[in-house]
Amino acid sequence: MKSMKKRKIMGTIVFHVFIIAFCFSMIYPLLWMVGSSFKENSEIFVRVRNILPTKWTIENYITGWKGFGGNTFVLFFRNSFFVAILTTVGTTLSSSFVAFGFARIKFRSRQFWFTCMIITMLLPNQVMIIPRYVMFNKMGWVGTFNPLIVPSFFGQAFSIFLVMQFIRTIPRDMDESAKIDGCSWFGIYWRILLPLIVPALVTVGLLAFIAAWEDFMGCLLYLNTPKKYTVAYALKLFNDSQKSDYGATFAMSALSLIPVMLLFFFFQKQLVEGISMQGLKG
Amino acid sequence: MVGTGEKKRRRRAYGSLSEFIDQDRIAGPLFILPFIIGLLVFTVYPFFSSLYYAFTDFQIGNPIKWLGFSNFIRMFSGTDDKFWISFFVTFKFAFVQVPMKLAFSLLVAIVLSRKSKAIGAYRSIFYIPSLMGGSVAVALMWKRLFGYDGAINSILSLLGVEAIPFLTSPKYALWTLTGLGVWQFGSAMLIFLAAIKSVPASYHEAAIVDGAGPVRRFFSITFPMLTPVLFFNLINQLIGSFQAFNSSYLITNGGDPLNSTLYYAVHLYTESFTYWRMGYGCAMAWFLLIIIGIFTSLIFKSSDAWVYYESER
């Protein structure tokens, strides 16, 4: 009996050691980037594989922050926050609104529109981007943030789906008693359901923010003046302009990931559970 | 209106505008109206416009000329030599990345499905690359990580391996980018993990009573119940891979070296927004749509054979 227990403990230790090693190699690239951002430029490619600098310095951050073309990263971060926050609000509101309609109200065309929504998730983006650009151009929106923000207020298939799955786990009893009491559908949505689906909204909001924050293609297509660049786009141009100062790029890259990391630390549970939900039946 | 020919007059179910709106058949469509508008404006209209443009020489600002099949001839005949190159690059990329990503995510999910206090932490750490992998920051970092004098080669030198030109050799560049994609298996893993854990414990208990070992239980119980999720992940990943853009554009300047990393989406972008051959770009987009459609249908059709839905007995 004793040796069996010993073997089990050994097995567990081996298991954890392997997993931890694997985890470390998974995040090594990120650690390397952050660590290198604190190295002096001369050191970065001398003792390359080491994460920790021999001499810590923040000169990369200072150089990097200056940005390029007279625009500092203050401007770029401000633009990114602006776009990301508005997109998040738009997505969360519209997706929950639409999801309620799909999940709770019975009407004839429901299945048809729902199928349409599923189909949109299978379409490659490329089919739509050119005419969308032409359309936005005609509206004078190229060069503004509008093409990035406005569509989010019209519901986003994936988010709608996520919220719908969540709504399905909520019993209809309250809806029904509210209906009997004379409450309107909007009233049910606003006062009864919305407070109950906050976890789903948090997940949708988080994913929307992160997607908007990291979006590159949208900026590439529509933002053509430096004053409007977001961090994602500015980072790329900044990197191009730095022939050998990799430290500054690492520094700004690390900074650009901070909002995402913070969201991850504080909302780990919601993020992970939100994504995981797609694996459950229903 | 009230049905014709009815003798009795039907009483209206509503007395005021707000009551009218509150009927199911009105309220429902109203709630999903934002989605419908968005769908029509941002998806349906562009969808059909691009089909039209595909047969023209459309360039912004210039009058349109109908070209018939010229764009497609240019694509398939090899006049645009980059077309087939980009197609096969993307094909290779997708058909290596997707199986590897699925395999990793499934394996790691299985390993992490045992009960343990630290699993939550491990789960989160594996997910982190997924979270930021698509960002510009990570792409730029990957370029330096795998540079000739980068960290990975430095580590390899520890093992006595010679430096590999990860991003400068046509032999390796595409696989280095594939690695970036596979590194982000975390989100698919989370989905598998949730599915594994949702298998009712009673199934396993019954099997244990019958004497089934863990391996047998996995292949007979867990795996079949995972197939719907596998199906979902497979379709998602495949469609996503065909549209890959960022890693090529940001890391290898959209093609270096020698077009070995020229993704289809990058070539499409260059044709449409650098050379302003938008008609051609739309033709390329529609070809992509058809290819994706073919593969999706194949997977759907085959799903009868290997996807197990619990509701069917």
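Cβ contacts < 6 Å: first residue modelled with pLDDT under 80, restricted to segment A:40-64; second residue β-branched (Val, Ile, Thr) and open to solvent by less than 80 Å² (accessible area, probe 1.4 Å), any location; separation 6+ or different chain. Result?
Going by the 6 Å Cβ cut-off, the qualifying pairs are A:Arg49/B:Ile155.
Just one of the numbered conditions (1) of a type outside the set (Lys, Arg); (2) open to solvent by 10 Å² or more (accessible area, probe 1.4 Å); (3) at the interface with another protein chain (Cβ under 10 Å from one of its Cβ atoms); (4) within 18 Å of the chain's Cα centre (by Cα) is not true of B:Ser297; which one?
(3)
Can you tell me which residue in segment B:186-216 is farthest from the other protein chains (Cβ to nearest Cβ), limited to those that are of a type in the set (Ser, Thr, Tyr) and open to solvent by 40 Å² or more (accessible area, probe 1.4 Å)?
By that ranking, first place goes to B:Ser202.
Between a residue in segment B:220-243 that is within 30 Å of B:Leu262 (Cα to Cα) and any residue that is crowded, with 18+ Cβ neighbours inside 10 Å and among the basic types (Lys, Arg), which pairs come within a Cβ distance under 8 Å, given they are 6 or more apart or on different chains?
B:Gln237/B:Lys101
In this structure, does B:Leu167 turn out to be more than 13 Å from every other protein chain (Cβ to nearest Cβ), part of a helix (DSSP H, G or I) and open to solvent by less than 30 Å² (accessible area, probe 1.4 Å)?
Working: more than 13 Å from every other protein chain (Cβ to nearest Cβ): yes; part of a helix (DSSP H, G or I): no; open to solvent by less than 30 Å² (accessible area, probe 1.4 Å): yes.
In short, no.
Of the residues that sit in segment A:34-49 and are more than 9 Å from chain B (Cβ to nearest Cβ) and part of a helix (DSSP H, G or I), which one is farthest from B:Phe126 (Cα to Cα)?
Going through the qualifying residues, I end up with A:Ser42.
Being basic (Lys, Arg), surrounded by 16 or more Cβ atoms within 10 Å (Cβ to Cβ) and more than 9 Å from every other protein chain (Cβ to nearest Cβ), is that true of even one residue in segment B:51-74?
yes
As an exercise: evaluate B:Trp276 against (1) in contact (Cβ under 8 Å) with a residue 12 or more places away in the chain; (2) assigned to a helix (DSSP H, G or I) and give the number of the one condition it does not meet.
(2)
Somewhere in segment B:108-115, is a residue surrounded by 20 or more Cβ atoms within 10 Å (Cβ to Cβ) and either more than 30 Å from B:Ala194 (Cβ to Cβ) or among the hydroxyl-bearing types (Ser, Thr, Tyr) (or both)? Explain how you work it out, then say what you get.
Of all residues in segment B:108-115, those surrounded by 20 or more Cβ atoms within 10 Å (Cβ to Cβ) come to B:108-109, B:112.
If we keep only those that are either more than 30 Å from B:Ala194 (Cβ to Cβ) or among the hydroxyl-bearing types (Ser, Thr, Tyr) (or both) as well, we get none.
No; the residues of segment B:108-115 include none that is surrounded by 20 or more Cβ atoms within 10 Å (Cβ to Cβ) and either more than 30 Å from B:Ala194 (Cβ to Cβ) or among the hydroxyl-bearing types (Ser, Thr, Tyr) (or both).
From the set of residues in segment A:123-148 that are within 7 Å of chain B (Cβ to nearest Cβ), in contact with a helix residue (DSSP H, G or I) (Cβ under 6 Å, 6 or more places away or on another chain) and of a type in the set (A, V, I, L, M, F, W, C), which is surrounded by the most Cβ atoms within 10 Å (Cβ to Cβ)?
A:Ile130
So which of A:Leu31, A:Leu52 is open to solvent by 40 Å² or more (accessible area, probe 1.4 Å), in a helix (DSSP H, G or I) and under 22 Å from A:Tyr246 (Cα atoms)?
The conditions single out A:Leu31.
Return yes when B:Trp183 is more than 9 Å from every other protein chain (Cβ to nearest Cβ) and at negative phi and no when it is not.
No.
Inspect segment A:257-266 for any residue being facing chain B (nearest Cβ under 9 Å), of a type outside the set (Asp, Glu) and open to solvent by 40 Å² or more (accessible area, probe 1.4 Å) and give the result as yes or no.
yes
Output the residue which, of all residues in segment B:217-239 that are open to solvent by less than 40 Å² (accessible area, probe 1.4 Å) and of a type in the set (Ser, Thr, Tyr), is farthest from the chain's Cα centre (by Cα).
B:Thr222
Check off (1) facing chain B (nearest Cβ under 8 Å); (2) open to solvent by 10 Å² or more (accessible area, probe 1.4 Å); (3) in contact (Cβ under 8 Å) with a residue 60 or more places away in the chain for A:Val98 and give me the number that stays unchecked.
It fails just one condition, (2).
I need the full set of residues from segment B:75-112 which are over 20 Å from B:Phe242 (Cα atoms), in a helix (DSSP H, G or I) and more than 14 Å from chain A (Cβ to nearest Cβ), in order please.
B:Ser77
Can B:Ile221 be described as in contact with a Lys or Arg (Cβ under 8 Å, 6 or more places away or on another chain), on the phi < 0 side of the Ramachandran plot, at pLDDT below 90 and away from chain A (no Cβ under 11 Å)? Show your work before the answer.
On the way: in contact with a Lys or Arg (Cβ under 8 Å, 6 or more places away or on another chain): no; on the phi < 0 side of the Ramachandran plot: yes; at pLDDT below 90: yes; away from chain A (no Cβ under 11 Å): yes.
So B:Ile221 does not fit the description; no.
Looking only at segment A:55-90, count every residue that is buried (at least 18 other Cβ atoms within 10 Å of the Cβ) and either touching an Asp or Glu at 6+ places or on another chain (Cβ under 7 Å) or of a type in the set (Ser, Thr, Tyr) (or both) and tell me the total.
4
Can you give me the ranges of the helices (runs of 4 or more DSSP H) entirely in segment A:176-282 with at least 1 residues that are over 30 Å from A:Ile58 (Cα atoms) and polar (S, T, N, Q)?
It comes to A:198-214, A:246-276.
Return the residues of segment B:25-79 that are closer than 14 Å to B:Phe287 by Cβ, in contact (Cβ under 8 Å) with a residue 60 or more places away in the chain and of a type outside the set (Gly, Ala, Ser); say none if nothing qualifies.
B:Leu51, B:Tyr53, B:Phe55, B:Asn71, B:Phe72, B:Arg74, B:Met75
The values are calculated or read from the model by the stated rules, or taken from the named source; none is laboratory data. Predicted model, so just to flag it, every value in this text is computed and none were measured. Here the Cβ is made from the backbone with ideal geometry for all residues, glycine too, and neighbour counts use every protein chain on show. Side chains included, ligands, DNA and RNA excluded: accessible areas come from the protein's heavy atoms. Shrake-Rupley method; radii C 1.70, N 1.55, O 1.52, S 1.80 Å.
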